[in-house]
Amino acid sequence: MAENLQVQLARQPEGVPRATDFQVTKAARPSAGAGQFLIRNMYLSLDPYQRGAIAGRHMGHTRLNQGDVIYGRCLGEVIESKHPDYKVGEIVVSESGWQQYFVSSGSAHDEVRKVKPEAPLSAYLGALGMPGLTAWAGVEKLAQPTLGDTFVVSSAAGPVGGTAGQLAKAKGCRVVGIAGGDEKCKTVIETYGFDDCINYKAKDWAERLKAACPNGINHYFDNVGGPMLDTLLTQMALYGKVIMCGLASLYNRTSDGEFAGNNMGPVVGKRAQLLGLVVYDYYDKFPEFQKIGARLMKQGKLAIHEDRVDGLENAPTHFVKLASGLNNGKALVAIAPEKV
Ligand SMILES: NC(=O)c1ccc[n+]([C@@H]2O[C@H](COP(=O)([O-])OP(=O)(O)OC[C@H]3O[C@@H](n4cnc5c(N)ncnc54)[C@H](OP(=O)(O)O)[C@@H]3O)[C@@H](O)[C@H]2O)c1
């Protein structure tokens, strides 16, 4: 019998997830029925939102039960089709979940998007995928930085932060990253080409950030929230913008009581704007953004850095690494070869 390797929930994680919260199982490989098509997945995207989605805390995702396939987005190839709009050989990204094969009818729920590759395929889950669209929307639609502005982004080694900084750099900003460790800062400066990167695990990181942004921060692309946001708010230039994108410092919390909330005093003093960002608002802009992103890649202005592991069975440990903040670059699982 042909098999379909899946990763399912074994138990709800408490705090930082553990590999034993997941179970790797083999189901029967599905085939396409009338009006359906079968996708062979090549890459699985691991994303911070999946922690909240498993627990039912992320918009549009109900809490998973034991035995449910874990939520996730994959890039794959259509290998069987009884659907008029999808042809064998087409490359698609879909909400397939953590599994090797996925049958879809192309419904809105499955969020199937065709990819016309102009860049490495895996990039369509990172810098040219949902994380890249998030960065693009934050920079182009919300921050709208101009030449000479100082642009700071946290979680700078990841696909959202790394792409946001490179897009701001392409617009002539001084770009400073914040990341958790010297290795990550090396990626941010040497691979992404930021002007500087501050390791916030160093004691004097706030002073170093101030020195790196002598005129104050015009745009802070916030992926972390929590106490780091308090520090950043005090270093904003007058009338600066804070793009509220992620709250990574709070994702593994076990109760809402753990973090008392931010000090909003400096928002008033700096006349700052806080702008919330939800990528789903920009999904209709995917084709426009992907064209721009692919062009920047060809021009050498948008580099990617991946933290990838081979084999779906290794997805749980790789996810634990991401949820622990230890990934350096886009967290990705290579499920199967691109060509068979
Ligand atoms: N608003 C939206 O629509 C939207 C869409 C997509 C993504 N996002 C958000 O954008 C952010 C970046 O996403 P990404 O895919 O590029 O992820 P990522 O940066 O590759 O990974 C998350 C990073 O968060 C940082 N982090 C800070 N505090 C942490 C903590 N207590 N525990 C774990 N990690 C911590 C770690 O980097 P450091 O070591 O550098 O701190 C970690 O590597 C996330 O917050 C994500 O939820 C928002």
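Just so you know, all these numbers are worked out from the coordinates, no wet-lab data involved. Since this is a predicted model, take the numbers as computed values, not measurements. Please note: Cβ atoms are built from the backbone with ideal geometry, for glycine as well, and neighbour counts cover all protein chains shown.
When the dipole is taken about the Cα centre of the range 3-87, and only Lys, Arg (+1) and Asp, Glu (-1) are charged at their Cβ, what size is it in debye, to the nearest 20?
Using only the charged Cβ atoms, the result is roughly 80 debye.
Would you please name the GluC sites (Glu not before Pro) within the range 250-339 that are DSSP coil residues with at most 15 other C-beta atoms within 10 Å of their C-beta?
Sparse-neighbourhood loop GluC sites (Glu not before Pro): Glu338.
Apply the a/c threshold of 1.5 to the C-alpha gyration tensor of the chain and tell me whether it is rounded, prolate or oblate.
Prolate.
I need Val320, Val153, Val88, Val267 ordered by Cβ neighbour count within 10 Å, fewest first.
Ascending number of Cβ neighbours within 10 Å: Val88, Val267, Val320, Val153.
Would you mind telling me the antiparallel percentage of the DSSP bridges in the chain, rounded to 5?
Counting only bridges with both partners in the chain, antiparallel ones make up about 55 percent.
How large is the helix-only mean residue ellipticity at 222 nm for the chain, computed as the sum of -39500 (n - 2.57) over DSSP H runs with n ≥ 4, divided by its residue count, in deg cm²/dmol to the nearest 500?
-6000 deg cm²/dmol
If R0 is 25 Å, what FRET efficiency do you get for Trp205 and Leu326 from their C-beta distance, rounded to 0.05?
0.85
Considering the chain, which cysteines have no disulfide-compatible partner, defined as another cysteine with its Cβ under 4.7 Å away?
Within the chain, the cysteines lacking a partner Cβ under 4.7 Å are Cys74, Cys173, Cys213, Cys245.
Where is the GNM fluctuation largest for the chain (alpha-carbon springs, 10 angstrom cutoff): Lys203, Lys116, Lys241?
Its mean-square fluctuation being the largest, the pick is Lys203.
Between the range 75-133 and the range 41-64, what's the alpha-carbon centroid distance in Å?
The two parts, judged by their Cα centres, are 17 Å apart.
Provide the per-residue ³J(HN,Hα) series for the range 259-276, in order, calculated from phi with Karplus coefficients 6.51, -1.76, 1.60 and θ = phi - 60°, each as a whole number of Hz, with x at glycine and proline positions.
For the range 259-276, the Karplus curve yields 10, 6, x, 8, 8, 8, x, x, 4, 5, x, 8, 6, 7, 10, 9, 10, x Hz.
Go through the range 115-131 residue by residue and turn each phi into a ³J(HN,Hα) via Karplus (6.51, -1.76, 1.60, θ = phi - 60°); whole Hz please, and just put x for glycine and proline.
Running phi through 6.51 cos²θ - 1.76 cosθ + 1.60 with θ = phi - 60° gives 10, 9, x, 10, 8, x, 4, 5, 4, 6, 9, x, 4, 10, x, 4, x Hz.
Towards the positive end of the charge dipole of the chain, with charges on Cβ (+1 Lys, Arg; -1 Asp, Glu), say which of Ala34, Pro131, Ala10 has the farthest Cα.
The residue sitting farthest along the positive end of the dipole is Pro131.
Report the extension gain between Met264 and Glu288 in nm, rounded to one decimal, defined as 0.36 nm multiplied by the number of residues separating them, less their alpha carbon distance.
Residue separation times 0.36 nm, minus the Cα-Cα distance, leaves 5.1 nm.
Any chance you could check the Cα centroid distance between the range 295-340 and the range 154-205 for me, in angstrom?
Centre-to-centre (Cα) distance: 18 Å.
Determine the dipole magnitude for the chain: charges of +1 sit on the beta-carbon of Lys and Arg, -1 on that of Asp and Glu, nothing else is charged, the reference point is the Cα centre, and the result goes in debye to the nearest 20.
It comes to approximately 440 debye.
According to the square roots a ≥ b ≥ c of the eigenvalues of the Cα gyration tensor, what is the shape class of the range 193-232, taking rounded for a/c under 1.5, prolate for a/b larger than b/c otherwise, and oblate for the remainder?
Here the range 193-232 falls in the rounded category.
Which one, Thr187, Gly162, His219, is farthest towards the positive end of the dipole of the range 130-281 when Lys and Arg carry +1 and Asp and Glu -1 on their Cβ?
Of Thr187, Gly162, His219, it is His219.
Where a ≥ b ≥ c are the square roots of the eigenvalues of the C-alpha gyration tensor, would you call the range 130-281 rounded, which needs a/c under 1.5, or, failing that, prolate if a/b is larger than b/c, or oblate?
In terms of gyration-tensor shape, rounded.
Modelling each spin label as a point 7 Å along the Cα-to-Cβ direction, I'd like the Ser31/Thr191 distance in nm, to one decimal.
Result for the modelled spin labels: 4.2 nm.
Out of the range 257-340, which trypsin sites (Lys or Arg not before Pro) are coil in DSSP terms and have no more than 15 other C-beta atoms within 10 Å?
Qualifying residues, ordered by number: Arg271, Lys301, Lys339.
Would you mind working out the magnitude of the charge dipole of the range 130-281 relative to its Cα centre, with +1 at each Lys and Arg C-beta and -1 at each Asp and Glu C-beta, to the nearest 20 Debye?
260
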